[in-house]
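Enquirer: Structure incoming, see below.
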Amino acid sequence: MATCKDCKGFFAREDDQDRGDCVMRVTDPRQAYYKAVPVEADKDASKCSSFRKR
Amino acid sequence: MGQSTARTEKESSVEELKNRREWWFVAEKTRSKRLDYLRKGVWKKGAIGGNYAPGIKIDLTFPQLFIDKWQEHEGEAIMLQKAHALAHVLDNIPIFITDNSQIMGYIGSAPHNIVWHWQGISMVNEEIYNEEGIIPEPEEESLEILANLNDYWGGRTAVDKLARVLDPEDAVKFMSGAIGWGTPTSAATYSTKDFDYIFKGFEAILAEVEERMEETEEKLQGNPSPEILPLYDKLPRWEAMQIVLEAGIRYAERYARLARTLAEHFESDPERREELLRIAETCERVPAKPPRNLQESLQFDHFVQVLSRYETFEGAWPHRPDYIHGPYYDKDVNQDKRLSKEEALDLVGEHLIRTHEVGIFAPKWAREGLQGITGTWVWTMGGVKPDGSDACNDMTVAYMQAARLVRVSNPTFGFRWHPKVKDEVMRECFECIRHGLGYPSMRNDPVLVANTVHWYGHPVEEARTWVHQACMSPCPTTKYGCQPMRMASATANCAKMIEYALHDGYDPVVNMQMGPKTGDPREFKDFEDLFGAWVKQMEWLRNILVRTVNLGRVKDPEFFGRPFLSAIYERAVETGTDACDPSNGDRGNAWVTGFTWVENADSLAAIKKFVYDEKKYTMDEVLDALNANWVGYEEMRLDFVKNAPKWGNDDDYVDDLMVRCLREVSRHSKENRCPSNNTWPLLPENVSGNIHYANLVGALPNGRRLGDALYDGGISPGPGLDKKGPTAVLKSCGKFDHVTDGRAFLLNQRLSPTQLSGEKGYQLWKAYMKTWADLGLDHVQFNMVDDATLRAAQKDPEKYQEVIVRVAGYSAHFVDISRKTQDNIIQRTVQGLG
Amino acid sequence: MKCSACAFEAPIGKFRYLYNARIDSSITMRQCPQCEQWLAVDELLGEAKDVVNPGEAPWGKSAGIEGLAEDVQV
C-alpha cells in the first residue's frame, strides 16, 4: 500500500518523523502558490490523485 | 542606451496617463513586478452588487476541523472548549505561500475561499446553505456537511442563546429589520488591539499567564474563603489563553517549515531562495518573540490579525500601522540601511494586499449595507504621540505611496490631521485623494482627542493613541481603553424617529406598532408638540438598541468566548477574564451609529415652515401625501424639496433644528449607560445603509419617496440640495460642537478633479482644509472622480474595474456597488472650490 | 402611462417604482411590468420620457454648482 511517506511531496518534520507536510504546487486562475497540508507519514495514499512516487 | 530609451518611453507614457487621470494604469506601470503580480493575483472577496464573484467558495475545511475538537471537549468552559478547537484548526488547516509573497497568513485553506463563523448566528448558517455559487464542488457532499453543521448549531449559536434571554417584544421589533441593524455578539464584531503589549511576544505573555496561574493555584491551596471562589473559573480561562498562544506560535512555525522546504527542495532562483529563507527566519521569530525589523513587525501584526479572524468575524480593522511599524522602518531604511526604500515599499504594498484579500462571508443584508467590501477596514494614520508631538513618520508616507501603487479599496485610511502635520505629509494625503482613492478621510485630531476625553473620561495621553474603531469612532489602544467588541451594534435607522413621530409610533412600512404612541399629529397644537413626539421616538429607538447590545455584551463571555483576544488583552491576562467581560476594567467607548440622520432636520424644518409658520399646508394634507408616497402630489412634493430650508446651505432656520436635535440626543446619550457605566453618544454615518434602508423608510416631508436612497453621509446635505457652495456646507456643519454634541460626524464631499489638478489644486484644497479645521469639524472625505468616468464605468464596467469611489466610511470599486448606489454617488454635488 | 420601449399601457402605479433620479426633480425611474425595461418617468406629467440603460443619466447632468468647476455641467 502506498503511503504518504512514499510520495515526492512528503516532507517529514524534523521533530517527528511520523508526521510531515504534503507540499503541492497549485495554479489557480489568478495566482500560483505552494500549499502544505499536515499528514501522517503512514497514511494510505493509494487513492490520492496527487501521489508521485519517490 | 536601449534601457534609457525604454525608460524615457515608459516615463512619457506614465505622464500621458497622469494627464488623462487614468490612475489605475499609472499604478500598473509604476509599481514593482512583485506588487503587480500580487495585486492581480488577489481574488475579489467583496460582494459585487450584493453577490460574490464567480470562483469564490465557502471554506468547509475550517468548520470541519473546528467541530471535530469542539465536540470532543463538549462540557468544558466555553473559552477552553473553543481554544482546543481553534488550536486544532491552526495545526491542521492547509497553508500556502503565493509566488513572490513575503508576508504570510490567510484565513481559510485556499486563496479563493472565504470563511464564516457558524457559532454566531443560525440564520446566517441557513443563508449559506441556500446561497448560490459559493458551495464548493462536489456540491451534494458540501451541502451535506453544511446541513449537518446547521443541525448541530441550530439553537446553540451565540445569537440563538441571546434570543432566549431578550425581551420577546424587543426581539421581534429588532428582527423586523426596520429600526436598526447589528449583531449584539462578538461573533460579528471588531476589537482594538494594543500592540505595545502584543509586541512583547507570545512567549512573554505565556510566561505572564503561567505566573498568574501559579499564584492562583497557591491561593486555592490556602485558607478557604468566599474570596477564592471566583478563582476556580479563572484557571480554565488562562489555560485557554495558553492553548491559543502556543497554537499561534506553531501556526507561524508551519509557514517557516514550508518556506524552508521550498527554499531547499523547490526553488531554483537564488534571489527567491534567499527570500524564502528570510520568511522562514521571520516566522520562526514572530509572534513568539518581539520583532526586530520591518518584515518581522509586519508579519507579527498580520499573524495577530489572521488569528483574531480565525476566532471570530472581525468586520473592522482598528489599526495604526504607521505608528506601530514606523520605528522598524526607520531602523531598517534610515539607520541600518538593511532595506532600500523600494524594498520597504514592496513590503508595505504587500501588507495592504494581504489585508485586502481577507474574505469573510456576510449575510445579504450586511452585503447590501457594505457593498463591495468585506468589512470597514479603516486604518488610522498620522496623529500625535501620547505627549502631543507629531506622530507622522516615514511609514505614514510609505503607506500613502503604496496605496497609490496597489489601489485596493480595503483597507482605507483615516488621517489624523493636526496643526503640526508637515506639508509633505499633507501633500501625500492629497495625492491619494487626487488619484481617486477616496481616502484618506481627514480627521480633526485635536477635536477628536477632546471628544474622546469628554464622552468617556479617557486620560488625554490615552485618548491621543486613538484609532478608528470602525469607520469613524476613535478608541484608545491602551490597557483600559481598548474596546473588545462591536458595541456599535446599536445602529439606528434614525429616519424612523421622524417617521414614527408622524405616525403615532406606527411603522407604515412593516405594518407594526413600533415606538410609543405619541399622538395623532393632526391634533398637535404647534411645532413643539411635534418636536416632543420626535424626542420620545428618538429615546425609544435608542433605548431598545442600547439595552439589546448591553445585554449581548454582558452575556458574550458565556455565549461566545474569546480565548485568543483575551490572550492579547493585558487586562484580561491580568485578571483571568474573557476580554469581553466588562468587569475587567474596560472604561467604555460605546456609541450609537446613526444611519439616515439628516432627514430628521430637513423633515422637521419643512413641516415647521409650511404647516406651522406659513400654514401653507395642513398636517392632514401632509399625511395624505406621505401615505400616498407623494403619488398624485408631485407639485406639493417639489415645493417641499425646493422651497423648504435644507441642511447644508448655512440657513439658520434648519441648521438650528439640527443643533436642537443633536443636543436632545446628547442629553439622552448621557442617560443611556453601557455595562462599564459610561455614555452612548450618537455617531451619524451611513456606510451604504442609505441604500439598504431605501425600501424600509416610508415617504418623508423632505420630499423623498419610499424607495429613494436616503442622504449619503452622517451630516452630508441631501445630494443636490446643497446649493450655496462648499463653504456654506462647512458653515452649517460648524454650527454644532463636534466635541460635545456627538461622537463624530461623517461628511462626504465631491470635488472636481480638473479644478484640483496641479499645484493650484493642492493650494485650493489646503485652503478648504483650513476652513474645515477653523470651523472645528471632525471629519471630511472626498470623491474626486468625474461624472463622465463614472457614467462610462456604468456602461462598460469591464474597462473600469479599478475605479475606486468613497461610498461612506469606506471605499469600494465602483463596478462592485449596485446601480442604485452608483447613481447616488453621481447625484452628489460636485463642489467647486475657491 | 405608456412604456417607451414596448408600448404597454397601464396606470402609473402599475409601473414598479425604483428610485428618483434626484430628489429635486420630477424625474424618477420606474420599471415596465411587461418588458421590464427601466424608464425615465416625469411624475408631474405622468409620462414615460425615455428608456434608461446603464451609464445614462435621465436627469442629464450631475447635481452640481453651476459654473464653478469644469466637471459640473450646467
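Enquirer: Quick check, is A:A2 more than 13 Å from every other protein chain (Cβ to nearest Cβ), in contact with a helix residue (DSSP H, G or I) (Cβ under 6 Å, 6 or more places away or on another chain) and farther than 17 Å from B:T98 by Cβ?
Expert: No: the conditions fail for A:A2.
Enquirer: Could you please find all residues in the range C:1-23 being within 8 Å of chain B (Cβ to nearest Cβ) and free of Cβ contacts under 8 Å to residues at least 24 places away in the same chain?
Expert: Those that are within 8 Å of chain B (Cβ to nearest Cβ) and free of Cβ contacts under 8 Å to residues at least 24 places away in the same chain: C:G13, C:Y17, C:L18, C:Y19, C:N20, C:I23.
Enquirer: Would you call B:D91 touching a residue at least 40 places away in the same chain (Cβ under 8 Å), within 18 Å of B:S308 (Cβ to Cβ) and more than 11 Å from every other protein chain (Cβ to nearest Cβ)?
Expert: Taking the combined requirement at face value, the residue does not satisfy it.
Enquirer: Turning to a different aspect of this structure: Within the range B:616-637, restricting attention to residues that are over 38 Å from the mean Cα position of the chain (by Cα), closer than 18 Å to C:D42 by Cα and not hydrophobic (A, V, I, L, M, F, W, C), which residue is nearest to the other protein chains (Cβ to nearest Cβ)?
Expert: B:E634
Enquirer: Say whether the condition of being of a type in the set (D, E), assigned to a helix (DSSP H, G or I) and in contact with a Phe, Trp or Tyr (Cβ under 9 Å, 6 or more places away or on another chain) is met by at least one residue in the range B:87-102.
Expert: Yes, there is a match, as at least one residue in the range B:87-102 is of a type in the set (D, E), assigned to a helix (DSSP H, G or I) and in contact with a Phe, Trp or Tyr (Cβ under 9 Å, 6 or more places away or on another chain).
Enquirer: Test B:S818 against the stated conditions and say whether it is of a type in the set (S, T, Y), within 30 Å of B:A47 (Cα to Cα) and away from chain C (no Cβ under 14 Å).
Expert: The answer is no for B:S818.
Enquirer: Looking at this structure, is B:D160 surrounded by fewer than 19 Cβ atoms within 10 Å (Cβ to Cβ), within 30 Å of B:Y500 (Cβ to Cβ) and touching a Gly at 6+ places or on another chain (Cβ under 8 Å)? Outline the logic, then answer.
Expert: Numbers: surrounded by fewer than 19 Cβ atoms within 10 Å (Cβ to Cβ): yes; within 30 Å of B:Y500 (Cβ to Cβ): yes; touching a Gly at 6+ places or on another chain (Cβ under 8 Å): yes.
When the stated conditions are applied, B:D160 passes them.
Enquirer: Let me ask something else about it. So, of the residues in the range A:15-24 that are within 13 Å of chain B (Cβ to nearest Cβ) and not aliphatic (A, V, I, L, M), which turns out to be surrounded by the most Cβ atoms within 10 Å (Cβ to Cβ)?
Expert: For the range A:15-24, the residue satisfying everything is A:G20.
Enquirer: Looking at the range B:403-441 only, could you name the residues that are more than 18 Å from B:H813 (Cβ to Cβ) and either of a type in the set (F, W, Y) or in contact with a His (Cβ under 8 Å, 6 or more places away or on another chain) (or both)?
Expert: Scanning the range B:403-441 gives B:G414, B:F415, B:W417, B:F430.
Enquirer: Among the numbered conditions (1) buried (at least 21 other Cβ atoms within 10 Å of the Cβ); (2) of a type outside the set (K, R); (3) out of contact with any strand residue (DSSP E or B) (no Cβ under 9 Å at 6 or more places or on another chain), tell me where B:A495 comes up short.
Expert: (3)
Enquirer: Does B:G761 meet the test of being at the interface with chain C (Cβ under 8 Å from one of its Cβ atoms), at pLDDT 85 or above and over 28 Å from B:H692 (Cα atoms)?
Expert: Answer is no for this residue.
Enquirer: Please give the number of the condition B:R704 fails out of (1) buried (at least 24 other Cβ atoms within 10 Å of the Cβ); (2) within 13 Å of B:W647 (Cα to Cα).
Expert: Failed condition: (2).
Enquirer: Let me ask something additional. Across the range B:677-706, which residue is nearest to the other protein chains (Cβ to nearest Cβ) among those that are modelled with pLDDT under 95 and assigned to a loop (DSSP other than H, G, I, E, B)?
Expert: Taking the candidates together, the pick is B:S688.
Enquirer: Is it true that some residue in the range B:638-659 is in a helix (DSSP H, G or I), over 36 Å from the mean Cα position of the chain (by Cα) and of a type outside the set (A, V, I, L, M, F, W, C)? Step through it out loud before you land on a result.
Expert: First, pick out the residues of the range B:638-659 that are in a helix (DSSP H, G or I): B:638-642, B:652-659.
In the following step, the residues that additionally are over 36 Å from the mean Cα position of the chain (by Cα) were identified as B:638-639.
Of the ones still in play, those that are also of a type outside the set (A, V, I, L, M, F, W, C) are B:639.
Yes, there is a match, as at least one residue in the range B:638-659 is in a helix (DSSP H, G or I), over 36 Å from the mean Cα position of the chain (by Cα) and of a type outside the set (A, V, I, L, M, F, W, C).
Enquirer: A further question follows. Quickly run through the range B:730-758 and pick out the residues that are more than 14 Å from chain C (Cβ to nearest Cβ), surrounded by 24 or more Cβ atoms within 10 Å (Cβ to Cβ) and either basic (K, R) or under 13 Å from B:G832 (Cα atoms) (or both).
Expert: Once the filter is applied, which keeps residues that are more than 14 Å from chain C (Cβ to nearest Cβ), surrounded by 24 or more Cβ atoms within 10 Å (Cβ to Cβ) and either basic (K, R) or under 13 Å from B:G832 (Cα atoms) (or both), the range B:730-758 yields only B:R743.
Enquirer: Within the range B:94-118, can you find the residues that are aliphatic (A, V, I, L, M), more than 9 Å from chain A (Cβ to nearest Cβ) and either free of Cβ contacts under 8 Å to residues at least 60 places away in the same chain or touching a His at 6+ places or on another chain (Cβ under 9 Å) (or both)?
Expert: Result: B:I103, B:M104.
Enquirer: I'm checking my understanding of the structure. Among residues of the range B:707-729 that are within 16 Å of B:N783 (Cα to Cα) and not in a loop (DSSP other than H, G, I, E, B), which one is farthest from the other protein chains (Cβ to nearest Cβ)?
Expert: The residue in question is B:V729.
Enquirer: Can you run down the residue pairs with Cβ atoms below 7 Å, 6 or more apart or on separate chains, where the first is in the range B:270-298 and more than 23 Å from B:D322 (Cβ to Cβ) and the partner is among the β-branched types (V, I, T)?
Expert: That search, which allows pairs on different chains as well, returns B:A288/B:I249.
Enquirer: Which ranges mark the strands (runs of 3 or more DSSP E) fully within the range B:410-500 that have 1 or more residues being hydrophobic (A, V, I, L, M, F, W, C), more than 22 Å from B:E671 (Cα to Cα) and modelled with pLDDT of 95 or more? Before you say what the answer is, go through the steps one by one.
Expert: On the way: elements: B:412-417, B:441-444, B:491-493.
Those strands (runs of 3 or more DSSP E) span B:412-417, B:441-444.
Enquirer: Taking the range B:83-139, which residues are more than 25 Å from B:D556 (Cα to Cα) and of a type in the set (S, T, Y)?
Expert: Listed by number, the residues that qualify are B:T98, B:S101, B:Y106, B:S109, B:Y129.
Enquirer: Out of the range B:172-188, which residues are of a type in the set (A, V, I, L, M, F, W, C), modelled with pLDDT under 90 and not in a strand (DSSP E or B)?
Expert: B:F174, B:M175
Enquirer: Criterion first (of a type in the set (D, E), within 12 Å of another protein chain (Cβ to nearest Cβ) and in a loop (DSSP other than H, G, I, E, B)) does B:E267 satisfy it?
Expert: Yes.
Every residue, every condition in (1) modelled with pLDDT under 95; (2) surrounded by fewer than 22 Cβ atoms within 10 Å (Cβ to Cβ); (3) touching a strand residue (DSSP E or B) at 6+ places or on another chain (Cβ under 7 Å), yes or no:
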position	(1), (2), (3)
B:V611	no, no, no
B:M619	no, yes, no
B:V631	yes, yes, no
B:M636	no, yes, no
B:M658	no, no, no
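Enquirer: Still on this structure, please answer the following. Test each condition in (1) within 10 Å of chain C (Cβ to nearest Cβ); (2) surrounded by 24 or more Cβ atoms within 10 Å (Cβ to Cβ) for B:A793 and report the one that comes out false.
Expert: It fails just one condition, (2).
Enquirer: In the range A:14-37, what count of residues is obtained for those that are of a type in the set (A, V, I, L, M) and in contact (Cβ under 8 Å) with a residue 12 or more places away in the chain?
Expert: 4
Enquirer: Of all residues in the range A:25-42, count the ones that are more than 9 Å from every other protein chain (Cβ to nearest Cβ) and either surrounded by 15 or more Cβ atoms within 10 Å (Cβ to Cβ) or assigned to a strand (DSSP E or B) (or both).
Expert: Here the count works out to 4.
Enquirer: Which of the following residues is assigned to a loop (DSSP other than H, G, I, E, B), at pLDDT below 95, basic (K, R) and over 22 Å from A:D28 (Cα atoms): B:R21, B:R7?
Expert: B:R21
Enquirer: Does B:E211 satisfy being without any contact (Cβ under 8 Å) to a residue 24 or more places away in the chain, in a helix (DSSP H, G or I) and either closer than 26 Å to B:Q295 by Cα or of a type in the set (D, E, K, R) (or both)?
Expert: So B:E211 fits the description; yes.
The values are calculated or read from the model by the stated rules, or taken from the named source; none is laboratory data. Worth saying up front: this structure is predicted, and the values here are computed from it rather than measured. When we count neighbours, we look across all protein chains shown, and the Cβ atoms used for this are built from the backbone with ideal geometry, even at glycine.
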